[in-house]
Amino acid sequence: MANWSDPRIGASQPTTDIGRDVAYDAGLRAHMLSVYNYMASAVLLTGIVSLLFAKSDLVLALVNWNTGRPSGLGYLAMFAPLGVVLWMSFGINRISAATAQILYWAYAVLIGISLSTIFLFYTQGSIALTFFATAGSFAGLSLFGYTTKRDLSGMGTFLIMGLVGLIVAMVVNLFLQSGTFSLVIAAIGVLIFAGLTAYDTQKIKSLYFQLAGTGDELRKAAIFGALQLYLDFLNMFLFLLRFMGNRN
C-alpha cells in the first residue's frame, strides 16, 4: 500500500563496518517490534470493540433479519473502514506519522464494529478457537518470513494475482449463493493470506534498510507494515471461521 519502492530483497546488507551492522540489527529489531506492537494492539482493540458492540442492542441494527444480509447501517459499517484505508494509502506521502497513527486506530475500531455481527451467527467458543488457531498460524508464518533467506518477491506477485481472482470469485458468489463454492473460496483465501503473511513480513524487514534513519518516514512505515499484517491476520481469521465456526 505504501508508495515506497521495496529494495531488492535478496540484496546484501552492509558488512564493511561491524559497528554499523550492530546498529542496523538493533534498529531492525526495534522497528519490527514496533510493527508487531502496533499490529497486536490493533487486533486487541478490534476484539474488544467487537465484543462490546455485540453485547449491546446496537449490533441488531447492522443486520436485516428478513434477508439475513447487512442492513443499510451494516453496509455503512462494512465500507467505512475501506474509506479510511484508502485515505491512508493514497495520502501516505502527505500525512504525518501522527495522522497515520490516528487513522490506523480509527480503522481498528471501525473493523471491530463491523465484525461484531459474527457473534450473532457463531458461538463464542468457536470464535475463540478460530482466533487462537489463526494467532498460532500467523506467528509461525511471520517468523518464517522474517528468518528465511529465500526471496519471496516472486511469490508475492503470484499471491496478489490470486487475491484479485479471489475478490472476483467472492463477487460472483454473491449472486450464485453456493455453499460449496463459498467453502472453496474460504480454503483458497486461507492459503493466500497465509502466504501474504510471510511475504509481507519479509517486505517490511527489507523496507527498513531503505528507510533507516529517515525519522517520520520510518515511523509511517511501521504503521503501514502493521496495517498489512493486521489485514493478513484478519482475513485469515475470517476465512478460517468458515470452517471452524459453529453456528448459533
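The values are calculated or read from the model by the stated rules, or taken from the named source; none is laboratory data. None of these values were measured; they are calculated from a predicted model. Using ideal geometry, Cβ is built from the backbone for each residue, glycine included, and neighbour counts are taken over all protein chains shown.
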- From the list Gly145, Gly136, Gly125, which one is of a type in the set (Gly, Ala, Ser) and more than 28 Å from Arg247 (Cβ to Cβ)? Gly145
- Task: Inspect all residues belonging to the range 117-124 and state whether any of them is in contact (Cβ under 8 Å) with a residue 24 or more places away in the chain, out of contact with any Lys or Arg (no Cβ under 8 Å at 6 or more places or on another chain), of a type in the set (Ser, Thr, Tyr) and assigned to a helix (DSSP H, G or I).
- Result: no
- Name the pairs whose Cβ atoms lie under 6 Å apart, with the first residue in the range 51-78 and modelled with pLDDT under 80, the second surrounded by 14 or more Cβ atoms within 10 Å (Cβ to Cβ) and of a type in the set (Gly, Ala, Ser), and 6 or more positions between them or separate chains? Asn64/Ser71
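Could you tell me which residue of the range 204-248 is nearest to Thr130 (Cα to Cα), considering only residues that are in a helix (DSSP H, G or I) and of a type in the set (Lys, Arg)? Let's see the steps before the verdict.
Initial filter on the range 204-248 (in a helix (DSSP H, G or I)): 204-211, 216-244.
Keeping just the survivors that are of a type in the set (Lys, Arg) gives 205, 219-220, 242.
Numbers: Lys205: 28, Arg219: 31, Lys220: 31, Arg242: 10 Å.
Out of the qualifying residues, it is Arg242.
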- Message: Cβ-Cβ under 8 Å, sequence separation 6+ or interchain: first residue in the range 83-108 and under 10 Å from Ile223 (Cβ atoms) and modelled with pLDDT of 85 or more, partner loosely packed, with under 15 Cβ neighbours inside 10 Å and of a type outside the set (Lys, Arg). Which pairs?
- Response: Met88/Met1; Ala97/Asp216
- Provide a single number: the residues in the range 145-165 that are more than 29 Å from Met32 (Cα to Cα) and surrounded by 14 or more Cβ atoms within 10 Å (Cβ to Cβ). 0
- Being surrounded by fewer than 21 Cβ atoms within 10 Å (Cβ to Cβ) and charged (D, E, K, R) narrows Asp216, Asp232 down to just Asp216
